[in-house]
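Participant: Encoded as structure tokens, here's the structure I'll be asking about.
The values are calculated or read from the model by the stated rules, or taken from the named source; none is laboratory data. In this text the structure is predicted, and so the values were computed from the model without any measurement. Please note: Cβ atoms are built from the backbone with ideal geometry, for glycine as well, and neighbour counts cover all protein chains shown. Accessible surface is based on the protein model in full, side chains and every heavy atom, while ligands, DNA and RNA are left aside. Shrake-Rupley method; radii C 1.70, N 1.55, O 1.52, S 1.80 Å.
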Amino acid sequence: MAMLGWFDPLDLVAISVFVLAWTSYAVAMEWTRLGRGALNARMDEERAVWMRRMLRRESRIVDTQIMAALQNGAAFFASTSLLAIGGALTVVRSTDQVASILSTLPVSMPSARELWEVKSVGLTVIFVYTFYKFAWSYRLFNYVAIMLGATPPAAEQGSEEAERHVRRTTRLFRSAAMHFNRGQRALFFALAYLGWFIGPWVLIASTAAVVFVVWHRQFASDSLRALRDDQPPD
């Protein structure tokens, strides 16, 4: 309860808006009918198509190369998250120095040491969550690569074993992509969270901006329109 005394009521409102926006967007994307029309859901369908067409190919070199690229992407973001964690922890340990530097800026910044430390710890927690999501996604992509190697030959594509293998691989593939998407979502909202270091109103505004950007990319972007069947040819 003593910690709540460090925050103004507007700070509590702002962080509540941030958490509610992140949670609501994640639930809408993954657990409601709204998310089925998003770009992520369309790509899930394409992953299933990929696995079925891969089963019919004798040579799967291209498939393994694409999988390696996906693994490298997850590894890159996991490494970036570790660097972000280190930077956030540095801010926590150097509160006095950072506050002294920011006091010279024309922008009004929070002066209470405890409030600054709480905000810095919160940012660290977000980056830790991000790292675990990307690291687990990388591990799952490794598992998918193993499943690709264990795929039955094209001559057995009509067998029940081949069908079961494609279904299992597709589910694992979708799980890897889901955790990768959660990691990216956390990075986007971490950018919104940075607005809190300036003030609660900035946090509310940055959260609204991030929600708009990620929503637009999922439901109104050129990428989504490119995947729709009703789009006229170029």
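Participant: Can you classify the range 129-234 as rounded, prolate or oblate using the Cα gyration tensor, where a ≥ b ≥ c are the square roots of its eigenvalues, rounded means a/c under 1.5, and otherwise it's prolate if a/b beats b/c and oblate if not? Could you put the intermediate results ahead of the total?
Facilitator: Values: a/c = 4.84, a/b = 1.76, b/c = 2.75.
Verdict is oblate for the range 129-234.
Participant: Which value, in debye to the nearest 20, gives the size of the charge dipole of the chain about its Cα centre, when Lys and Arg are +1 and Asp and Glu are -1 at the Cβ? Before the final figure, lay out each step's value.
Facilitator: Working: 24 positive and 19 negative charges, 97 e Å.
Dipole about the Cα centre, nearest 20: 460 debye.
Participant: If you don't mind, there's one more thing I want to ask. Apply the Karplus curve 6.51 cos²θ - 1.76 cosθ + 1.60, θ = phi - 60°, to the phi angles in the range 35-52 and return the couplings in whole Hz, x for Gly and Pro.
Facilitator: Ordered by residue, 3J(HN,Hα) equals x, 5, x, 7, 4, 4, 5, 4, 5, 4, 4, 5, 5, 5, 4, 4, 5, 6 Hz.
Participant: Among 221, 79, 159, which one moves the most in a GNM of the chain with springs linking Cα atoms closer than 10 Å?
Facilitator: Highest fluctuation among the options: 159.
Participant: Taking the chain as a Gaussian network, where each spring joins two C-alpha atoms under 10 Å apart, which residue of 134, 18, 212 fluctuates the most?
Facilitator: 212
Participant: With θ set to phi - 60° and the Karplus curve 6.51 cos²θ - 1.76 cosθ + 1.60, what are the ³J(HN,Hα) couplings of the range 144-152 in order, to the nearest whole Hz, using x for Gly and Pro?
Facilitator: Coupling constants for the range 144-152: 4, 4, 5, 5, 4, x, 8, 5, x Hz.
Participant: From the residues 169, 120, 158, which one has its Cα farthest along the dipole of the chain in the positive direction, the dipole being from +1 and -1 charges on Cβ of Lys/Arg and Asp/Glu about the Cα centre?
Facilitator: Of 169, 120, 158, it is 158.
Participant: I've got another one for you. Using alpha-carbon positions, what is the distance between the centroids of the range 149-182 and the range 3-71, in Å?
Facilitator: 19 Å
Participant: How much accessible area per residue does the chain have, counting only protein heavy atoms and a probe of 1.4 Å, in square angstrom? List each step's numbers first, then the result.
Facilitator: Values: 13490 Å² over 234 residues.
That works out to 58 Å² per residue.
Participant: Tell me the mean residue ellipticity at 222 nm calculated for the chain from its helices only (DSSP H runs of n ≥ 4, each -39500 (n - 2.57), averaged over every residue, nearest 500).
Facilitator: Details: 8 runs with 178 residues, N = 234.
About -26500 deg cm²/dmol.
Participant: From Cα pairs below 8 angstrom and at least 6 apart in sequence, can you work out the relative contact order of the chain, rounded to a whole percent? Don't skip to the answer; put the middle values down first.
Facilitator: Working: 213 pairs, mean separation 70.9, N = 234.
Taking the mean separation of contacting Cα pairs over the length of the chain, I get 30 percent.
Participant: How large a share of the accessible area of the range 132-184, in percent, is made up of carbon and sulfur atoms when the probe is 1.4 Å and the other protein chains stay in place?
Facilitator: Details: 1420 of 2650 Å².
About 54 percent, which is the carbon plus sulfur part of the accessible surface.
Participant: Subtract the Cα-Cα distance of residue 48 and residue 16 from 0.36 nm times their separation in residues, and report this length gain in nm to one decimal. Walk me through the numbers on the way to the answer.
Facilitator: Working: separation 32, 0.36 × 32 = 11.52 nm, distance 3.78 nm.
Value of the extension gain: 7.7 nm.
Participant: I need the peptides 178-191, 65-78 ranked by packing, meaning the mean over residues of other C-beta atoms within 10 angstrom, with the highest value on top.
Facilitator: Numbers: 178-191: 19.6, 65-78: 15.8.
Highest to lowest by the protection proxy: 178-191, 65-78.
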